Structure formats: C-alpha cells, structure tokens
Amino acid sequence: MKFPEKARKLREARNLSTRMLEEEVGVSHSQIVKYENGQTEPTLSVLRAYSKFFGVTLDYLCRDEEEDVKKR
C-alpha cells in the first residue's frame, strides 16, 4: 500500500473530511485531495504532521509494503 491509499484510509478511519484534515496537517483541502489521488507527494513537514496527528511512524507512511513483499 502506498501513501495515497494510507492517507485516505487513516482519514476515513477517523471519519474526517479533507476539509477537517486540512486544519490538522496545515495544508489546503485541494492539496490533501492531490495527495490521496497520487497526483503529488507530500513534503517531509507534511509527512511529519500526518505522523503526529494519526500516531503512525514516518516509516509506515513512506514505506511501500508491496515493494517489500516483492523483494523477499
């Protein structure tokens, strides 16, 4: 699973709209939509904000587990 899918699942698990999340991570609603659609990648500061807000590690957010499985 890649960041766009993880970001969407984390947000939906808390029943947050993209508008609600924008206040928590400090980026615009449209930017969150772009992250979740895979149109753009978040900066390190945005990844840190996601990590802190959702209580997950940067490694979790950045690592593509599907790639790890293929390498084994």
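The values are calculated or read from the model by the stated rules, or taken from the named source; none is laboratory data. All figures in this text were calculated on a predicted structure; none of them were measured in a lab. Cβ atoms come from the backbone with ideal geometry, glycine included; neighbour counts cover every protein chain shown.
If you take the residues of region 33-46 that are touching a residue at least 24 places away in the same chain (Cβ under 8 Å) and assigned to a helix (DSSP H, G or I), which of them is nearest to Arg8 (Cα to Cα)?
Glu36
Please specify each residue of region 47-59 satisfying the condition of being part of a helix (DSSP H, G or I), touching a Leu at 6+ places or on another chain (Cβ under 8 Å) and aliphatic (A, V, I, L, M).
Scanning region 47-59 gives Leu47, Leu58.
For region 39-55, which residues satisfy the criterion of being exposed (fewer than 14 other Cβ atoms within 10 Å of the Cβ) and in contact with a Phe, Trp or Tyr (Cβ under 8 Å, 6 or more places away or on another chain)?
Of everything in region 39-55, just one residue is exposed (fewer than 14 other Cβ atoms within 10 Å of the Cβ) and in contact with a Phe, Trp or Tyr (Cβ under 8 Å, 6 or more places away or on another chain), namely Glu41.
Can you name the residue in region 1-23 that is over 23 Å from Arg63 (Cβ atoms) and among the charged types (D, E, K, R) and is also modelled with the lowest pLDDT among such residues?
Across region 1-23, the extreme among qualifying residues is Glu23.
Write out, first by first residue and then by second, each pair whose Cβ atoms fall under 9 Å of each other, whose residues are 6+ apart or on separate chains, and whose first residue, in region 12-32, is loosely packed, with under 11 Cβ neighbours inside 10 Å while the second is part of a loop (DSSP other than H, G, I, E, B).
Close Cβ pairs satisfying both conditions: none exist.
Only residues that are of a type in the set (S, T, N, Q) and assigned to a loop (DSSP other than H, G, I, E, B): list them for region 1-32, please.
Residues satisfying the conditions are Asn15, Ser17, Ser28.
Arg11 is checked against (1) out of contact with any Ser or Thr (no Cβ under 9 Å at 6 or more places or on another chain); (2) within 21 Å of Glu65 (Cβ to Cβ) and fails just one. What number does that condition carry?
Only one criterion in (1) out of contact with any Ser or Thr (no Cβ under 9 Å at 6 or more places or on another chain); (2) within 21 Å of Glu65 (Cβ to Cβ) is unmet by Arg11, namely (1).
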